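Participant: Let me give you the structure first, and then I'll get to my questions.
The values are calculated or read from the model by the stated rules, or taken from the named source; none is laboratory data. All values derive from a computational prediction rather than experimental measurement. Positions of Cβ are backbone-derived with ideal geometry, glycine not excepted, and every protein chain shown enters the neighbour counts.
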Amino acid sequence: MTITVLIADDQSLVRAGFRSLLRRSRDIDVVGEAASGGEAVQTARALRPDIVLMDIRMPGTDGLTATETITGDPGLAGCRVIVLTTFETDEYVFAALRAGASGFLSKEIEPEDLRQAIRAVAGGDALLSPSATRRVVEEFAQRPAVTPSVLPDRLAVLTSREREVVGLVAAGLSNEQIAARLMISPMTAKTHVTRAISKLGVRDRVQLVVLAYETRMIQPGHTVADVLQREH
């Protein structure tokens with residue numbers, strides 16, 4: 001299956017560089033480019049790509065607004081956004097995750113890592129490893145300017161086991177590690193994660209982690225033991 005990609009960046013050389021890198025993969029096809037957030041939204045609606053590589057800082061409609069528009073459009077339910085950024089300086093990464101992005105990549109990423117990340121997100125997996133996702137979300141969860149509170153009542157739709165699993169996902173555990181911790185099979189752990197994603201109306205595992213922090217189910221510094229103790 002070919003993965004279709006839209007590249008949104010205001011710098012033509014950056015777009016050309018990513019296009020050149022991705023052309024080397026037989027299973028990835030760059031179907032369009034956009035130089036602004038507004039153009040990214042229009043092009044995404046026209047082409048319906050599997051993945052949008054979205055720069056955050058662009059003139060006019062920025063990448064954050066464009067991400068929220070794309071992820072909130074029912075007609076683009078199959079389209080996932082990967083934010084392109086410089087982690088050390090960009091203050092909007094967590095807001096982008098909250099807006100519906102499936103994760104983020106540094107523009108300094110190695111070519112093969114970029115291709116593997118696109119494949120992972122297109123396949124419905126988290127862009128980052130669980131531990132990396134946790135470190136990123138913890139970093140930005142401590143910035144109150146971009147982390148408004150969400151009522152914990154949203155979690156009421158989950159069973160006690162699903163809450164436990166969500167907490168462990170947010171604590172950085174993979175499905176295999178969750179299975180070992182709870183003494184269940186990896187497939188059962190995956191089923192709990194999938195059901196939680198569906199019930200909470202989030203797009204993927206990364207969004208599940210973000211919601212866990214927003215609802216204060218887990219807070220920066222919490223360990224696996226803290227999660228399990230809270231749910232029992």
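Participant: Being crowded, with 20+ Cβ neighbours inside 10 Å, of a type in the set (A, V, I, L, M) and closer than 17 Å to Val83 by Cβ is the filter here, so list the residues in the range 23-58 that pass it.
Facilitator: Answer for the range 23-58, where residues must be crowded, with 20+ Cβ neighbours inside 10 Å, of a type in the set (A, V, I, L, M) and closer than 17 Å to Val83 by Cβ: Ala34, Ala40, Val41, Ala44, Ile51, Val52, Leu53, Met54, Ile56, Met58.
Participant: State which residue pairs qualify: first residue over 16 Å from Leu97 (Cα atoms) and inside the range 114-133, second residue modelled with pLDDT of 85 or more and assigned to a helix (DSSP H, G or I) in any location, beta carbons under 7 Å apart, and separation of 6 or more residues or different chains.
Facilitator: Listed by first residue and then by second, the contacts come to Leu114/Leu21; Arg115/Leu22.
Participant: Then there's this: Which of the residues spanning the range 21-45 are closer than 17 Å to Asp113 by Cβ and part of a loop (DSSP other than H, G, I, E, B)?
Facilitator: Hits for the range 21-45 are Arg23, Arg24, Ser25, Asp27.
Participant: What do you reckon, is Val209 in contact with a Ser or Thr (Cβ under 6 Å, 6 or more places away or on another chain) and either crowded, with 20+ Cβ neighbours inside 10 Å or among the β-branched types (Val, Ile, Thr) (or both)?
Facilitator: Considered against the rule, which asks whether it is in contact with a Ser or Thr (Cβ under 6 Å, 6 or more places away or on another chain) and either crowded, with 20+ Cβ neighbours inside 10 Å or among the β-branched types (Val, Ile, Thr) (or both), Val209 comes out as yes.
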